[in-house]
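Some notes on the structure that comes next.
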Amino acid sequence: MNAQTTAPASDNPFFREWTGPFGMPPFAEIRNEHFLPALERGIAEQRKEVIAIAENTAPPTFANTIEALDKTGELLDKVSGVFSNLAGAETNETIEGVSRKVAPMMAALRDDRMMNPKLFARVKAVWEKRNSSGLDAEQIRLVDEMYKEFVRGGANLDEAGKARLRAINAELSTLSVRFSQNLLKETNAYKLVIEKKEDLSGLPEGVVAAAADAAKRANLPGKWVFTLHAPSIWPFLTYADNRELRRQILTAYTMRCNNGNDQDNKQVLYRVASLRAEKSKLLGYETFAHLTLEERMAKEPSKVFDLLNQLWKPALNLAGKELNDMQAMIDASPNKFKLEAWDWRYYAEKVKAARYALDEDEVRQYLSLDSALQGAYMVANKLYGLKVTERTDLPKYHPEVRTFEVKDGDGSHLGVFMIDYHPRPGKRVGAWSSRYRGQKIKDGKDIRPIVVNVCNFSRPAAGKPALLTMEEVETLFHEFGHGLHSLLAKVRYQSLGGTPRDFVELPSQIMENWATEPSVLSTFAKHYQTGKPIPKELLAKVERAGKFNQGFATVEYLAASLLDMEWHTITSEPAKDAEGFEKAALDKIGLMPEIVSRYRSTYFQHIFASGYAAGYYSYIWSEVLDSDAYQAFKEKGNVFDPNLARAFRTKILERGGSADAMEMYKDFRGREPSVKPLIEKRGLTN
């Protein structure tokens with residue numbers, strides 16, 4: 001991205017039609033200084049469009065009010081689609097500054113719409129007659145959803161209430177940006193620099209080579225650098241023999257944004273939680289979780305707690321058994337000590353190797369990034385007939401990005417799929433799927449989406465391709481599942497393009513099942529040097545070890561989910577500080593000290609700077625759905641059963657939020673989901 005500081009409006013690419021292939025953003029022409037004026041114009045244009053609908057003197061109808069609102073904001077969508085994606089994947093100081101400035105402007109735009117009394121009166125008039133106006137089911141759902149959005153956005157508040165809600169929303173928008181930017185800076189700031197070769201003992205050759213490459217990029221040739229990014233820290237904690245260095249890097253990871261410096265997030269998140277509690281009461285809800293969950297499958301906090309608590313005790317028991325196995329191994333060694341959090345992954349790997357004779361690094365030799373990617377595309381082809389073809393002629397925002405055209409079984413264009421898979425300083429941590437353009441109908445034409453998967457996988461090192469862990473392969477399939485959900489969308493109204501947070505993970509998580517299905521894995525897991533498929537003996541070991549360490553994985557996840565719910569079921573400002581609140585929440589559930597919650601509060605970006613507030617439980621809720629849905633394929637005796645795949649595509653993937661989530665699931669499965677397949681899958685039956 002070019003970083004010039006001034007440019008006339010006539011040069012701004014956002015102000016003209018994009019005529020390149022598939023309407024792709026012309027990334028090479030977009031400069032940092034284009035964003036702010038384009039966002040400001042987009043905001044102004046949408047505000048003008050909304051006011052025109054509100055001031056319309058014609059009687060309110062579905063077409064001139066609901067449908068008209070659905071079509072507003074075309075320029076803003078165009079600009080923010082590029083801006084928000086680059087803010088996550090390729091940010092810089094200028095983009096961060098624009099984010100801070102624009103966040104309250106976007107909040108104000110939404111508030112202006114939700115709290116416009118004339119506009120709400122028109123929406124309400126259509127809503128009151130929705131069942132007697134000749135509307136079809138999808139149109140009635142759009143009316144219902146839009147009406148509820150206004151009510152939940154403060155339309156029924158008095159003037160004083162509206163003013164306070166505006167102030168809360170503005171402050172929350174600024175705080176979330178600050179939280180995210182603090183986390184990125186704190187994560188990038190840490191480096192574990194190793195100078196002695198003996199301190200690399202235990203680490204696989206590929207991990208050492210990657211650390212050497214990282215050192216070169218940090219201008220530390222001849223040394224080795226490990227960071228807090230997933231491809232670096234987790235292999236180090238799994239294999240490094242040096243216990244003190246394991247302690248140092250895990251401590252740095254778990255103390256992110258909790259060090260009393262400029263990036264400390266304790267006061268930020270404490271303020272966020274307090275404002276959310278106040279906002280909820282203002283809107284007539286007991287807590288923020290009640291406000292949020294009303295529009296999700298769970299409906300209310302008690303149902304979330306019921307599911308989490310149902311799984312917590314068996315997970316904790318299983319984790320206790322895993323701990324005992326590792327402690328026994330330590331006790332049998334010459335140097336006895338009590339296992340700590342920084343020891344768990346290291347000794348879990350040793351127990352697994354002893355029990356299953358499985359070496360994860362050996363498995364990695366068969367899981368190159370390209371082979372895993374082709375495996376994901378093969379699954380999409382066998383399930384839905386899709387063909388994914390790389391296109392080197394399409395614009396991209398970074399040289400590491402790869403672009404693909406996705407075609408349907410009949411050869412028609414479905415969308416563009418972009419992948420961006422390796423860590424960079426300008427990229428936030430984690431993995432996600434997003435859209436530069438969502439699917440929509442415009443002037444009767446089906447505009448197809450531009451979708452991106454962004455991850456932080458291991459980089460290629462020492463002349464080798466990027467070799468993935470099994471967990472990274474599952475992540476690749478997971479995010480591709482989100483991508484398929486976007487690519488296959490066939491929604492008439494763009495406002496119904498989204499799905500509830502505790503349903504949206506179903507399309508992603510079900511794909512993970514195919515990633516680990518032995519009959520599928522054997523087709524794409526090929527040695528990066530010889531091209532030979534993974535040996536049956538090794539594949540059998542992978543399958544046997546599939547439920548290993550699931551106590552740990554489930555406990556660390558559930559702890560974070562329960563912590564999220566604690567933060568969002570407060571009814572007023574918490575009595576303790578952020579650190580004290582977190583400790584009390586985790587003590588209450590009895591989290592063992594040897595396991596750290598997957599996210600501690602100060603770096604829990606999902607809930608304090610993303611859309612998962614009172615929603616981190618969604619992954620396990622959706623895993624109930626995906627385990628049950630995949631069981632349907634297993635029951636057929638064919639994990640690529642064409643009739644079932646067609647039903648999943650047409651009844652789940654294509655429909656977005658055009659129907660109630662549970663009704664869509666029951667339409668596919670013929671009943672509500674059962675939790676039994678999940679319990680068996682995670683080995684929580686003992």
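The values are calculated or read from the model by the stated rules, or taken from the named source; none is laboratory data. What you are looking at is a predicted structure, and each value in this text was computed from that prediction instead of being measured. Glycine gets a Cβ as well: all are built from the backbone with ideal geometry, and neighbour counts include every protein chain shown.
Worth a mention:
- Any hit, the range 276-288, residues being within 23 Å of the chain's Cα centre (by Cα), over 23 Å from PRO500 (Cα atoms) and aromatic (Phe, Trp, Tyr): no
- Residues of the range 330-349 that are surrounded by 15 or more Cβ atoms within 10 Å (Cβ to Cβ) and either assigned to a helix (DSSP H, G or I) or more than 33 Å from the chain's Cα centre (by Cα) (or both): ILE330, ALA341, TRP342, ASP343, TRP344, ARG345, TYR346, TYR347, ALA348, GLU349.
- Within the range 445-527, helices (runs of 4 or more DSSP H) holding 2 or more residues that are of a type in the set (S, T, N, Q): 470-487, 506-516, 518-524
- Exactly one residue out of THR57, THR61, THR72 is farther than 28 Å from GLN439 by Cβ, modelled with pLDDT of 95 or more and either in the same structural domain as VAL143 (by TED's automatic domain parsing) or small (Gly, Ala, Ser) (or both): that is THR57.
- THR516 being in contact with a Pro (Cβ under 7 Å, 6 or more places away or on another chain) and of a type in the set (S, T, N, Q): no
- Taken as a whole, the structure leaves LEU383 outside the set of residues that are closer than 22 Å to SER458 by Cβ, among the aliphatic types (A, V, I, L, M) and buried (at least 19 other Cβ atoms within 10 Å of the Cβ).
- Of everything listed in (1) over 28 Å from the mean Cα position of the chain (by Cα); (2) surrounded by fewer than 17 Cβ atoms within 10 Å (Cβ to Cβ); (3) among the charged types (D, E, K, R), the single unmet condition for LYS101 is (1).
- Candidate set from the range 508-552 (those that are of a type in the set (Gly, Ala, Ser) and crowded, with 20+ Cβ neighbours inside 10 Å); member that is nearest to HIS478 (Cα to Cα): SER508
- Among the residues making up the range 399-432, those that are under 25 Å from GLU186 (Cα atoms) and not in a loop (DSSP other than H, G, I, E, B) are ASP420, TRP432.
- Only residues that are assigned to a helix (DSSP H, G or I), without any contact (Cβ under 8 Å) to a residue 60 or more places away in the chain and within 19 Å of SER84 (Cβ to Cβ) were counted in the range 16-67, giving 8.
- One residue alone among LYS71, LYS148 is touching a strand residue (DSSP E or B) at 6+ places or on another chain (Cβ under 9 Å) and basic (Lys, Arg), and that residue is LYS71.
- Screening the candidates GLU390, GLU405, GLU360 for the property of being touching a His at 6+ places or on another chain (Cβ under 9 Å) and outside the structural domain of PRO235 (by TED's automatic domain parsing) yields one hit, GLU405.
- Within the range 549-574, the residues that satisfy the criterion of being hydroxyl-bearing (Ser, Thr, Tyr) and part of a helix (DSSP H, G or I) are THR554, TYR557, SER561.
- Here the condition is being touching a Ser or Thr at 6+ places or on another chain (Cβ under 7 Å) and acidic (Asp, Glu); of GLU400, GLU405, it holds for GLU405 alone.
- Across the range 117-129, not a single residue is classified as within 25 Å of TYR436 (Cβ to Cβ), modelled with pLDDT of 95 or more, assigned by TED's automatic domain parsing to the domain that holds GLU40 and over 24 Å from the mean Cα position of the chain (by Cα).
- Among residues of the range 214-233 being part of a helix (DSSP H, G or I) and buried (at least 18 other Cβ atoms within 10 Å of the Cβ), the one that is farthest from the chain's Cα centre (by Cα) is ALA215.
- The set of residues in the range 554-593 that are crowded, with 21+ Cβ neighbours inside 10 Å, among the acidic types (Asp, Glu) and over 19 Å from LYS303 (Cβ atoms) contains only GLU582.
Conditions tested, residue by residue: (1) touching a Ser or Thr at 6+ places or on another chain (Cβ under 8 Å); (2) touching a residue at least 24 places away in the same chain (Cβ under 8 Å).
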| position | (1), (2) |
| --- | --- |
| ALA87 | yes, no |
| GLU96 | no, yes |
| ARG100 | yes, yes |
| MET106 | yes, yes |
| MET115 | no, yes |
| ARG122 | yes, yes |
| GLU128 | no, no |
| GLY134 | no, no |
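- Residue in the range 381-390 that is touching a Cys at 6+ places or on another chain (Cβ under 8 Å), in contact (Cβ under 8 Å) with a residue 40 or more places away in the chain, among the hydrophobic types (A, V, I, L, M, F, W, C) and outside any strand (DSSP E or B) present: no
- If the condition is being of a type in the set (Asp, Glu) and closer than 15 Å to ALA107 by Cα, then the range 139-169 contributes only GLU149.
- Matching residues, the range 570-605, being more than 20 Å from GLY260 (Cβ to Cβ) and modelled with pLDDT under 95: THR571, SER572, GLU573, ALA575
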